[in-house]
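Trainee: Below you will find the structure I want to go over with you.
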Amino acid sequence: MLTFCPPAPPERAVVISISFGSMCTSTSSTSGIIATVAVEVYTLAQRQIRTALRKSKSTINNQLGKPTDRPTLRWIFQWFQSIHLVKINNEKHISNWNQQRDFILNLLPDDCLAYYRLAT
């Protein structure tokens with residue numbers, strides 16, 4: 001099963017490296033495989049969010065402020081773009097957290113909550 005999580009705060013960012021060197025003989029083949037995998041991951045993540053919205057019979061506002069149950073993954077990423085991890089007196093806080101982001105986070109798999117556990 002594939003799990004999608006929006007970008008994590010910088011402190012918890014995860015980098016995944018995939019090597020296709022032994023599978024392919026040319027750089028263009030490798031680039032094609034990586035692009036194909038990226039599109040598949042994007043599509044599955046978008047489907048996961050849309051399915052969760054339909055099951056909960058909920059909507060979120062699109063870029064025009066109109067309710068939709070079919071948001072794009074790019075729009076979801078933009079919702080999480082302005083979240084920052086801030087340390088004040090050795091205490092960690094997440095800035096710019098709101099109810100809409102909390103609602104979207106609760107639509108995602110439980111694995112995603114680990115990235116934003118300070119906020120919830």
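The values are calculated or read from the model by the stated rules, or taken from the named source; none is laboratory data. What you see is a predicted model, and the numbers here were worked out from it, not measured in a lab. Here Cβ is always computed from backbone atoms with ideal geometry, including for glycine, and neighbour counts include all displayed protein chains.
Trainee: For the stretch 53-78, give me the residue count where each residue is in contact with a helix residue (DSSP H, G or I) (Cβ under 6 Å, 6 or more places away or on another chain) and not aliphatic (A, V, I, L, M).
Mentor: Final tally of qualifying residues: 2.
Trainee: Continuing with the same structure: Across the stretch 71-89, which residue is nearest to Cys112 (Cα to Cα) among those that are part of a loop (DSSP other than H, G, I, E, B) and out of contact with any strand residue (DSSP E or B) (no Cβ under 8 Å at 6 or more places or on another chain)?
Mentor: Phe80
Trainee: Still on this model: Being exposed (fewer than 10 other Cβ atoms within 10 Å of the Cβ) and either among the polar types (S, T, N, Q) or at positive phi (or both) narrows it down to one residue among Lys57, Lys66; which is it?
Mentor: Lys57
Trainee: Given the conditions (1) touching a Ser or Thr at 6+ places or on another chain (Cβ under 6 Å); (2) surrounded by 13 or more Cβ atoms within 10 Å (Cβ to Cβ); (3) of a type outside the set (Gly, Ala, Ser), and given that Ile49 satisfies all but one, which numbered condition is not satisfied?
Mentor: (1)
Trainee: Also, I was wondering about something else. Check whether at least one residue in the stretch 57-70 is among the hydrophobic types (A, V, I, L, M, F, W, C), in a helix (DSSP H, G or I), at pLDDT 90 or above and under 17 Å from the mean Cα position of the chain (by Cα), and report yes or no.
Mentor: For the stretch 57-70, residues among the hydrophobic types (A, V, I, L, M, F, W, C), in a helix (DSSP H, G or I), at pLDDT 90 or above and under 17 Å from the mean Cα position of the chain (by Cα): absent.
Trainee: Can I ask one more? Please go through the stretch 90-105 and give me each residue that is part of a loop (DSSP other than H, G, I, E, B) and under 25 Å from Leu53 (Cα atoms), ordered by number.
Mentor: Residues satisfying the conditions are Asn96, Trp97, Asn98.
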